[in-house]
Structures are given as structure tokens and as C-alpha cells.
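Values in this text are rule-based calculations from the coordinates and carry no lab data. Values in this document were obtained by computation on a predicted structure and should not be read as measured data. So basically every Cβ, Gly included, is an ideal-geometry build from the backbone, and we count neighbours across all protein chains shown.
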Amino acid sequence: MKRFLKWLGLAFLALILLIATPIAYTETMCRGTPLEQAEAAHITDPAWQRAEARTYLTYPEWYIVYAYEGYAEVLRSAPPHGFPYTTAITGFWSSLCALTPKADELGAAGVDAKLTIYTIGASFTLEMLFKAAYEETIGRIVSWTASTSPQDKVEAAMAADYATFLQETPWYKYDFNGWHAKLMAAPTEGIRSLERRIALGIEWKAKAAYARVIAKAAGAVGADELTMRIALQGVTPDYLETYPEITVISGTGDTIIAEVPRYRTFTKLVEKLRVNNPRARIAEIAGNDDILISLDAPANAFLPDRLNVLSVTPRVGFPDRSRVLIATKTDQLLDVAPAPNQMRVEHIYDY
């Protein structure tokens, strides 16, 4: 028993060091120099301003959403061990390291933002490590007995639903218990079914318990705002009334201050403005004039020189697609128009 506890303690220590290493590396090696930034000209109320560095540091959070999208895509035609778990992990930390210097140039993001990123990064890393360790061993061996099972179909449906859910809602609000019930209700057909019931049942119940803990912590510190304010030019208040997503707050001269939803809804709203009104301009978002966007593009796609491309990386789970990160000014946001049927604006990282 003493020997077992010793090795268990050493394994736990190794796990802690494994998680702490990328955090320490990011804090010490992935640094940038702050540059002088212009003060907000339109959205001057501090309550509606957000740290400009957040546009870059929001991407690693969304990277996890994209990883789950890739996982759901893999499950359409392959078993769970077909997902590149280690690539997903390294992709999160490498993107954070690459974007942190750019974020530093725009100023401090705040301790709370960094803690949030490191917490979700550590959780994501642990989840991917445990899934890889299981699916590449026991999961792979059991899959030889049957290529699929009713429980595999439930997991594939859950993965697709979860990936969509994360685009608008924090993960800890997901109904893991509801999907656990569906998993248990699926008929048991052989060894693969039994193995999936046990493995996925433990995983989803563990996530449900962890989600309750995170939900309480989030409630204690307050949930993130679901709306933000932007400064629009080239449009009139009457015109904006045709957009149910937009609430006009005030207008002075040629600038209108409006409240809009965040997350994926904002990305869709910007695309509507771009298509419907070429004269529209977004002067500021949350008091800032710099922003990061990503494009979903074919692998090896031609990228015009006018785009300020920061990186081009493969999309996890989509071998024929790439993710292109672009830095731009908010007043040029509506001009970033990918070629039809080749590229699309994947997301606007709205602080």
C-alpha cells in the first residue's frame, strides 16, 4: 500500500508539473512590449469598455470550441481514437503563446482574463490527456470487437450538439446528465456497447459534477456580459431599426452608439451589415479599434496581400481546411470579404 501511494503521489506530481509547464512557459517566454494606444473616442463609459488585449486572448478559448467541433467531425466516420488529442493540446498552448505578445502590445488584459485562460487550458489539457490515454488503449482494443454500437451513435450525436452549444453558451451549462440518461437508455449490443456505457457514463457524470463546481464559481464572480457596445458610422438610426439584434443607444454627428450581442451572433451580424450596407463602418468595439478575426479556408488557399495574416494552421478534425488568423482595424472589419465558396469568416473575437 505504501508503494502504491508513493507511485500515486509521484504520478499526481508529474501531472501537476505537466500542466504547470506550458503556463510557466507562456508567462516567461511569450511576452510582448506594450505600445502606445489611442484612447476611446466614442465609447468612453468605462462600464462598456473592455481590455483591447482580450481580442487576441479570446481566441484560445474559442480554440477549445473548434477542437470539439473537430471531435464531432471525426466521430462521423471514425472511432474516438481517430481524433488527434495531442495536436489539440499543443494547438491550444501554441496559439496562446503566439498571440500573447500581440495582446501585450495592446495593453494589460487583466489578471482575471489570464486566470480564466489558464484554468480552461489546464482543464482542456487534462481532459484530452485522459481521453487519449483511454481511447488509444482500452477503447481501441474494444473497438476491434465492433466498429460501432448504439452508444457510439449517442456519443456522436452528443458531440455534434455540444459543439453547437459551445458557440453561444458556457460549457458548464450543458446538460451532461440528460445525455447520460440517453446513453443508459440505448440498447446494449455486445462488448463494445458495455464498454461505451461504462467509459462514457463515467466521463459524462464527472463532467456534470465538475460543471456544477464551475457554475458556482462563475456565479460568485459574475457571468460574462452577453452584450457589448459598438460605434457605427455610415448608417442611420432608422436603418438600424431593421436589425432586431441592434439596440440604438445614442447618436452624435455621424456616429451611432449601439448595443449588440456578443459571440457567434455578433459574427453573423457583421456579415449581414457587410452584405446589406457597404457604406457601414464600425469605428469602435467596446472602446477599441483593433480586432482579431479568423477565416475558415481550404488548405493552401490563396490569401490576398491586403490581409494582415498572423498565422495559417490546419483545422483539427478537418484535414482539408485551414484556419487563418487576421489582425485588422475595426473600421476595416466589413471590408474583409473572403472569396465566395472558398473562405468564410469563422469568428470575430469580440473581446
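For the stretch 37-52 and the stretch 87-133, what is the separation of their C-alpha centers, rounded to whole Å? After rounding, the separation between the Cα centres reads 25 Å. Principal axis analysis of the Cα atoms in the chain yields extents of 73, 42, 42 Å, listed in decreasing size. Hull volume per residue, based on the alpha-carbon atoms of the stretch 1-108 and their convex hull, is 167 Å³. Taking a ≥ b ≥ c as the square roots of the Cα gyration tensor eigenvalues, with a/c under 1.5 meaning rounded and otherwise prolate when a/b beats b/c, else oblate, which class fits the stretch 91-139? Since a/c reaches 1.5 but b/c is at least a/b, the shape of the stretch 91-139 is classed as oblate.
Scan the chain and hand back the longest stretch that contains none of the GluC sites (Glu not before Pro) lying in DSSP loops with at most 10 other Cβ atoms within 10 Å.
By the stated rule (loop sites, at most 10 other Cβ atoms within 10 Å), 40-351.
Per DSSP H run of at least 4 residues, take -39500 (n - 2.57); add these up for the chain, divide by its residues and hand me the 222 nm value, nearest 500 deg cm²/dmol. Theoretical 222 nm ellipticity from helices: -16500 deg cm²/dmol.
Sorted ascending by nearby beta carbons within 10 Å, beginning with the fewest, D238, D350 become D238, D350. Amide H of I249: which non-local residues (sequence gap of 5 or more, or other chain) have their own amide H closer than 5 Å, using H built in the peptide plane? When sequence neighbours closer than 5 places are left aside, the close amide H contacts are I257, A258, E259.
Could you tell me which helices of the chain pass both thresholds, a Cα extent of 27 Å or more along their own axis and a mean Kyte-Doolittle hydropathy of at least -1.0, with helices taken as whole DSSP H runs? Answer set is 2-29, 54-75, 85-105, 111-134, 191-221. Close amide H pairs (under 5 Å, H built 1.01 Å from N) link A283 with A231, L232, Q233, residues at least 5 positions away or on another chain. Within the P(r) computed for the stretch 122-262, what percentage of the Cα pairs occupies the region above 23 Å? In whole percent, the share of Cα-Cα pairs in the stretch 122-262 beyond 23 Å is 54. Shown for D305, D112: other C-beta atoms within 10 Å of each C-beta, ranked fewest to most, produce the order D305, D112.
The value given for the stretch 289-351 is a Kirkwood hydrodynamic radius of 11.9 Å, derived from the mean inverse Cα-Cα separation. Between the amide H of H347 and those of S294, distances stay under 5 Å, these residues lying 5 or more places away or on another chain, with hydrogens modeled in the peptide plane.
Taking every alpha-carbon pair under 8 Å whose residues sit at least 6 apart, the chain reaches a relative contact order of 20 percent. Counting only pairs 8 or more places apart or on different chains, how many lysine pairs in the chain have C-alpha atoms closer than 19 Å? For the chain, the number of qualifying lysine pairs is 17. Cβ-to-Cβ counts within 10 Å put M343, M29 in ascending order as M29, M343, the fewest first. For the stretch 227-348, the normalised intensity computed at q = 0.15 Å⁻¹ comes to -0.69 (log10 of I(q)/I(0), Debye sum over alpha carbons, equal scatterers, no solvent).
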